[in-house]
Amino acid sequence: MTTTDTVDFLRYYAPQSGLIGAACTALLFFLALALKRRYGALRPILVDILDGGGTATQAAAWGVRFLTLLTLLSVLAIILETEPSVYLAYGGLLMGVEVFALSVFTLELLLRLYLAPEITGERDRLQATWRYLKSPMGLVDLLTVLPGWFFFFPGSEQLVAVRVLRVLRLLKLGQYAEALGLLDDVLRQKRDLLLTTVTLAFVVLVLLSTLMFVLEGPYQPEKLGSIPQALWWGMVTMATIGYGDVVPITPAGKLLSGLVAFLGIGLFALPTAILATGLLEVLQQRKDPVRQVLEDLLQAHQEGRLGEDSPLWQEAKRVLKQ
């Protein structure tokens with residue numbers, strides 16, 4: 001069996017077993033790195049395997065599950081080590097989990113840097129590396145690795161910030177979970193509407209809190225004697241939390257408090273409805289990607305970026321009419 005046959009075998013016939021599947025993935029990594037000059041086509045395959053992409057095999061799927069489990073396990077170890085009694089009893093085990101997880105995440109980062117031209121689409125390796133590092137995925141990988149290595153410097157274990165920063169590796173779940181990727185698409189498409197609702201909520205909060213300051217300030221100067229104090233009341237009331245530390249005592253203040261509570265329900269319902277609509281739209285786009293491309297062309301034509309005489313526009317218009 002030739003090397004190419006071996007790679008094809010590992011890609012398409014990798015066993016279902018997690019341990020054997022992971023071993024096949026590791027072997028494929030080795031083959032791809034060792035024979036990159038002769039078999040350049042393996043690099044895109046390696047990208048798909050690393051990200052669990054379209055040509056990912058069962059071995060790659062097990063690799064994604066392994067990285068997801070390792071991420072959760074490492075964060076659990078970080079959380080448990082902050083409990084003194086647990087750390088005294090199982091400190092060695094928790095440190096072992098951290099060292100193993102950090103080693104795996106570092107290797108993953110190095111592989112992604114090696115494959116930066118394929119990941120970013122840049123031909124120049126230096127530009128590709130820089131573009132990857134400043135991307136959201138690259139920043140997450142750096143935040144996953146750097147605080148962990150810094151933790152091993154003498155004296156750094158006393159810095160609470162360094163210990164807490166390692167919890168940021170939870171962000172890596174976004175690289176492995178398809179559902180989080182779906183949510184990211186929704187947020188990107190609906191960011192303008194969501195920003196509008198946030199702006200509206202802020203305006204309503206400031207105006208009504210200022211009105212509460214005018215109504216209740218003279219009667220409760222110690223609790224509502226300034227607009228910042230009234231803003232705290234407005235936030236907890238609009239969120240329908242109502243801690244009870246600041247309560248209006250005048251009839252007008254009580255009426256305003258009830259109005260703010262009702263408005264809070266509506267303002268929180270708006271982004272929920274926007275996200276639900278966006279989720280349905282993204283799911284529909286993923287089911288029919290060709291039509292989505294055509295609709296993008298239609299939008300480009302309406303914005304004047306695609307001329308009426310363009311053959312691409314004529315073909316898109318013909319298909320959209322069907």
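Please treat every number below as a calculation from the coordinates, not as lab data. What you see is a predicted model, and the numbers here were worked out from it, not measured in a lab. Note that each Cβ is placed from the backbone with ideal geometry, even for glycine, and that neighbours are counted across all protein chains shown.
Summary of computed values
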read-out	value
Translational diffusion coefficient (Stokes-Einstein; Kirkwood radius from C-alpha pairs) of the range 203-279 at 37 °C, 0.692 mPa s, in µm²/s	257
Gyration tensor verdict on the range 175-244 (Cα atoms; rounded if a/c is under 1.5, prolate if a/b is larger than b/c, oblate otherwise)	prolate
Segment F153-A276, length gained on full extension (0.36 nm per residue, minus Cα span)	39.7 nm
Full-stretch length increase - Q299, T199 - with 0.36 nm per residue and alpha-carbon distance subtracted	33.3 nm
Estimated FRET transfer efficiency (L255, R123; beta-carbon r; R0 51 Å; 0.05)	0.20
W130, W149, W233, W62 arranged by Cβ crowding within 10 Å, fewest neighbours leading	W149, W130, W62, W233
